[in-house]
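I'd like to ask some things about the structure below.
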Amino acid sequence: MRFLANAWYKESKWIRILKPLSAVFGLISAMRKRWYQNPERNYTSSYPVIVVGNLTAGGTGKTPLVIFLAQQLREQGYKPGIVSRGYGSKAPSYPFAVNPDTSYLEAGEESLMISRHTQCPVIIDPDRVSAVQFLEAHYHCDIIISDDGMQHYRLARTIEIAVVDGQRGFGNGFLLPAGPLREKPERLQTVDMIVCNGESPHKLPEGTWRMDLDATHLVHLADNKYLSVKDEILKKMTAKKVHAVAGIGNPERFFNSLCACGFDIITHIFRDHHSFASADIQFDDDLDVVMTEKDAVKCNEFASDKHWYLKVVARLPENFMQRIVDLVAEKKY
């Protein structure tokens, strides 16, 4: 997958040989979308559904935004429930309820992160309609957030939020597999809100909301000790090199965050959703090892005193949540 991603975002010319397959992908996607435009073929929840998705394969920052939304909605008195595909999960059955103590092998790392940060009901199922119905039957929710699922058209949605990676944009602009796109950029014209993760050199529609992922703490895997990025102890750590480990869709964003904190890094890149083993994060020196939180949930069992993860939180404009609430009200829920 990383080989393909490099070709998509470096706009390698050889990738064009896959364009006929992209045409087939586009045709099938369009037919599927048209099929579910008939209300009789999709499922409408009795609660508002906010879908947080993207147009590209790979990470764009959806998970931090889902966590932000759930936390903010709870503060405003809502009772959010969250549904997700549970990518990489091996649950005994679906739908499956994830809680903070669930094994990441059963939950998938992103769903486990969401559960730990939000304390909301999190239900995973490749069939998001089934997950929503499970929430409705077993939990007292009054609003539902779908982590990803913008192309899961069988689930009707109240609000669509498309997240764009500010650095990478839409790559070479081709549909899968010749490019990273699940749908063409014109699809952004039909969503309710567009969120750009970070500063972007790419032209995006007017009204796009800026999201930044702020590094706040370094967290020790062995004892869960927190160090603020402004802490004097952390400043001493940054005086030497550290190993930077990332198994995410866009590792460069993580590496840039570490450098901004003052770290001198030795990078180690793994594929997105990599299943880590002890040997992947052990190195023949005394340097500390810093990873993403998404990777850390898979490494707790074999972490040592040298292992940390960088905690980041989403930051959006103050009026972002008011716009969410207004949209829900406009849809007459």
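In whole Hz, with x marking every Gly and Pro, tabulate ³J(HN,Hα) for segment 42-55 from phi via Karplus 6.51 cos²θ - 1.76 cosθ + 1.60, θ = phi - 60°.
Those phi angles translate into 10, 10, 10, 5, 7, 10, x, 10, 9, 9, 10, x, 8, 9 Hz.
Please compute the net charge surrounding VAL132, taking Lys and Arg as +1 and Asp and Glu as -1 over other residues with Cβ under 14 Å from its Cβ. It would help to have the intermediate numbers written out before the result.
Values: positive: ARG85, ARG128, ARG154, ARG157; negative: ASP125, ASP127, GLU136, ASP142, ASP147, ASP148.
Taking every other residue near VAL132 into account, the sum is -2.
A further question follows. Cut-off is 10 Å between beta-carbons; in what order do VAL164, VAL219 appear when sorted fewest neighbours first?
Exposure proxy ranking, most exposed first: VAL219, VAL164.
Let me ask you something else. Step by step: find N for the chain, compute 2.2 N^0.38 Å, then divide the Cα radius of gyration by it. What's the final number?
That works out to 1.00 for the chain.
Follow-up question, since we're still on this one. Determine the percent antiparallel among the DSSP beta bridges restricted to segment 214-315, to the nearest 5. The partial results should precede the final answer.
Numbers: 9 of 22 bridges.
Taking every DSSP beta bridge within segment 214-315, about 40 percent pair in antiparallel fashion.
Using Cα-Cα distances under 8 Å and only pairs 6 or more residues apart, what relative contact order does the chain have, in percent?
Details: 645 pairs, mean separation 65.6, N = 333.
Over the chain, the number comes to 20 percent.
Neighbour counts of other C-beta atoms within 10 Å: give me MET31, MET291 arranged from fewest to most. Don't jump to the answer; show the numbers that get you there.
Working: MET31 9, MET291 28.
With the sparsest Cβ surroundings first, the list reads MET31, MET291.
Please state the shape class of segment 1-64: rounded when a/c is under 1.5, otherwise prolate if a/b exceeds b/c and oblate if not, all from the C-alpha gyration tensor.
Oblate.
From the phi of every residue in segment 293-298, what ³J(HN,Hα) in whole Hz does the Karplus formula 6.51 cos²θ - 1.76 cosθ + 1.60 yield, where θ is phi - 60° and glycine or proline is x?
Calculated HN-Hα couplings, in order: 5, 4, 6, 5, 5, 9 Hz.
Give a residue-ordered list of calculated ³J(HN,Hα) values for segment 199-205 (Karplus: 6.51 cos²θ - 1.76 cosθ + 1.60, θ = phi - 60°; whole Hz; x for Gly, Pro).
Each residue of segment 199-205 in turn: 5, 9, x, 8, 7, 10, x Hz.
With springs only between Cα atoms under 10 Å apart, run a GNM on the chain and tell me which of ILE145, ILE161, ILE15 wobbles the most.
ILE15
Considering amide H positions built from the backbone, and no H for Pro or chain starts, which residues 5 or more places from PHE96, or on another chain, come under 5 Å of its amide H?
Those lying under 5 Å, H to H, from PHE96 are ILE124.
Once you treat every alpha carbon in segment 1-119 as an equal point and sum by Debye, what is log10 I(q)/I(0) at q = 0.21 Å⁻¹?
-1.22
To continue, here is another question. Could you list which residues have their amide H under 5 Å from that of ILE266, counting only those 5 or more apart in sequence or on another chain, with H placed in the peptide plane?
Distant-sequence amide H within range of ILE266: VAL242, HIS243, ALA244.
If you bin every alpha carbon distance in segment 214-315 into 10 Å steps from zero, what whole percent lands in each bin?
Spelled out bin by bin, segment 214-315 gives 16, 55, 28, 1 percent.
Any chance you could run the full-extension gain for LYS225 through GLU136? It's 0.36 nm times the residue separation minus the Cα-Cα distance, nm to one decimal. Let's see the in-between values first.
On the way: separation 89, 0.36 × 89 = 32.04 nm, distance 3.71 nm.
Full-extension gain reported as 28.3 nm.
For GLY81, what residues show an amide H to amide H distance below 5 Å, using hydrogens built from the backbone and excluding near sequence neighbours?
Under 5 Å from the amide H of GLY81: ASP142, ILE143, ILE144, ILE145.
On to the next question. Any idea what the relative contact order of segment 147-239 is, in percent, if you count C-alpha pairs under 8 Å spaced at least 6 apart?
20 percent
Count the lysine pairs in segment 214-315 whose Cα atoms lie under 23 Å apart, taking only pairs 8 or more positions apart in sequence or on different chains.
Taking segment 214-315 as the scope, the lysine pair count is 26.
All of the numbers you see were taken from the coordinates with simple rules; none came from a lab. Keep in mind the model is a prediction, meaning the values are calculated, not measured. A quick note on method: Cβ atoms are made from the backbone with ideal geometry, for glycine too, and the neighbour counts reach across all protein chains shown.
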